[in-house]
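I have placed the structure first, in the form of structure tokens, so that the comments after it can refer back to it.
The values are calculated or read from the model by the stated rules, or taken from the named source; none is laboratory data. Nothing here was measured: the structure is a model prediction, and the numbers come from that model. Because the Cβ atoms are built from the backbone with ideal geometry, glycine has one as well, and the counts that use them run over all protein chains shown.
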Amino acid sequence: MLGVAADAWWVEHAGPEAVARRQRARLAALVRHARHASPYYRRLYHGLPAEVTDPRVLPPVDRPGLMARFDEWVTDPRLTLEALHRDVLDGPSPVGARYLGGYHVITTSGTSGEPAVLVHDRASWAAAAAVLRVRARRTALRPEVLGPVLRHGLRTAVLVATGGHFAAVTVAEDLRRRSRAQARRLRVVSVLRPLPEIVAELEEFRPTVLVGYPSVLRLLAGERRAGRLGVDPALVAVGGETLTPAARRAISGSFGCPVLDEYAASEVPALAVECPRAALHVNADRYLFEPVDERLRPVPPGTVSATALVTNLDNRVQPLLRYDLGDSAVLAAGPCPCGSPLPVVRVEGRSGAVLRLRAGAGPTVEVPPLALGTVIGETPGVRRFQAVGTGPETLTVHLEPDPGADLVLIRSAAEARLRAFLDARGLVTVAVRHSPDPPRPDPRSGKFREVWSR
Ligand SMILES: [Zn+2]
């Protein structure tokens with residue numbers, strides 16, 4: 001872990017060419033290993049050059065294709081899908097326990113299709129933890145964060161979905177297993193419980209660091225503002241959902257502390273970390289991130305992608321090379337003013353989140369979810385919302401007002417703002433409908449999607 005941390009620090013200071021050198025060397029080694037130890041990749045890469053340093057020569061892979069050939073995909077023959085279900089996922093193994101001498105087994109919640117079963121080897125798991133710490137240091141090690149933590153002790157509340165071997169809870173339970181001191185300092189609070197119970201548990205634990213989904217932290221920020229929650233964190237770290245500017249303001253305003261955004265997935269657990277300029281930097285020395293169009297062809301920086309291909313350069317037991325992550329994103333064209341050579345990414349959301357709307361026989365207009373979400377989310381009095389493209393000419397909006405605010409007035413204010421936004425894009429006949437139902441998080445993952453297309 002120390003070696004990875006030192007390398008991550010060195011690469012960041014050595015500049016873009018050092019990052020590119022690391023990428024080429026690590027990709028070549030990973031491709032060699034995948035061809036040697038994974039029957040799936042041996043067949044897939046048959047006929048490719050002996051030495052691969054450019055990812056674009058590799059055919060992309062996706063979750064259904066890999067899951068269908070799971071036992072040939074992994075490089076340890078003891079890891080069959082049947083054994084993993086029997087021993088870990090449906091079996092007696094507690095969440096966060098290691099399997100067969102060091103493997104970490106996690107599953108996705110299955111909110112976007114068939115769940116993936118992912119195995120991380122000990123080295124890649126430790127590398128992800130080390131890279132996260134190194135790249136978060138510029139925010140997390142500021143005096144205004146360190147001071148209160150040193151004075152009041154480090155107690156971290158991890159607000160995530162429980163009830164399965166999901167990535168976030170597995171990371172937390174793995175840490176808790178390492179020592180009794182760690183277990184005392186870290187607590188998992190399930191976001192699937194009712195809000196008053198979450199508030200009561202936080203009041204009792206008094207965390208100095210809060211970790212969780214932006215939507216949950218935003219609800220808690222509202223509870224604190226209303227005087228129902230008395231915790232005083234020195235840092236709030238968020239991930240798992242897109243952090244909108246409105247959510248960031250609500251969270252940092254209410255808790256009065258820095259907010260650290262992270263972008264990761266079960267397949268790529270330390271993909272990107274935010275810098276002090278609030279830009280998400282891809283940890284490009286450990287992961288390749290390629291925004292692509294619908295036909296999986298690379299798109300240039302500045303272009304909103306249909307999806308993104310990711311490569312985990314560390315994990316040897318279950319090689320992931322040019323894997324379709326299903327997220328829509330934009331790479332920044334220029335460097336970040338913070339000085340980091342790591343590329344800046346803006347995440348739009350899941351691929352289905354880009355709305356395709358049109359007015360009558362007019363052209364289809366792609367509406368990025370962040371822009372649309374900002375229009376609704378910035379309407380005064382809106383606590384939470386969901387906007388669903390329910391047809392090419394229909395947008396259905398679910399609004400939840402701030403406590404005491406007038407829902408009718410807020411609906412008409414949000415609609416006026418949406419009208420102007422849609423009209424400016426020529427979408428004059430696209431209708432805005434208000435649903436009587438409040439916005440709701442996904443019942444299994446606890447995650448909250450603001451904008452998507454049905
Ligand atoms: Zn930056």
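Before moving on, here are some points about what is shown:
- Scanning the range 110-166 for residues that are surrounded by fewer than 15 Cβ atoms within 10 Å (Cβ to Cβ) and either at positive phi or touching a Phe, Trp or Tyr at 6+ places or on another chain (Cβ under 6 Å) (or both) turns up G110, G113, G153, G163.
- All of (1) surrounded by fewer than 24 Cβ atoms within 10 Å (Cβ to Cβ); (2) in contact with a strand residue (DSSP E or B) (Cβ under 9 Å, 6 or more places away or on another chain) hold for N315 with one exception: (1).
- First in the range 294-310 and without any contact (Cβ under 8 Å) to a residue 24 or more places away in the chain, second anywhere and not in a loop (DSSP other than H, G, I, E, B), Cβ under 7 Å, 6 or more apart: V299/P291; V299/V292; A308/F289; A308/E290; A308/P291; A308/V292; A308/D327; A308/A329
- Any chance P269 is modelled with pLDDT of 95 or more, crowded, with 24+ Cβ neighbours inside 10 Å and not polar (S, T, N, Q): yes
- Qualifying residue in the range 6-24 (condition: aromatic (F, W, Y), under 14 Å from L321 (Cβ atoms) and under 27 Å from the mean Cα position of the chain (by Cα)): no
- Filtered by the rule that a residue be touching a Gly at 6+ places or on another chain (Cβ under 8 Å), closer than 27 Å to V330 by Cα and without any contact (Cβ under 8 Å) to a residue 24 or more places away in the chain, the range 371-426 gives no residues.
- Among the candidates D314, D285, residue that is at pLDDT 95 or above, within 16 Å of the ligand (Cβ to nearest atom) and acidic (D, E): D285
- Verdict on A333 being in contact with a Pro (Cβ under 6 Å, 6 or more places away or on another chain), within 16 Å of the ligand (Cβ to nearest atom) and either free of Cβ contacts under 8 Å to residues at least 12 places away in the same chain or farther than 30 Å from D121 by Cβ (or both): yes
- Qualifying residue in the range 400-407 (condition: farther than 27 Å from L192 by Cα, surrounded by fewer than 17 Cβ atoms within 10 Å (Cβ to Cβ) and not assigned by TED's automatic domain parsing to the domain that holds G212): yes
- Residues within the range 49-74 that are surrounded by 13 or more Cβ atoms within 10 Å (Cβ to Cβ) and in contact (Cβ under 8 Å) with a residue 12 or more places away in the chain, tallied: 15
- Residue within the range 294-303 that is in a loop (DSSP other than H, G, I, E, B), among the small types (G, A, S) and buried (at least 18 other Cβ atoms within 10 Å of the Cβ) present: no
- Every residue from the range 414-443 that is over 27 Å from Y213 (Cα atoms) and of a type in the set (A, V, I, L, M): A416, A420, L422, A424, L427, V428, V430, A431, V432
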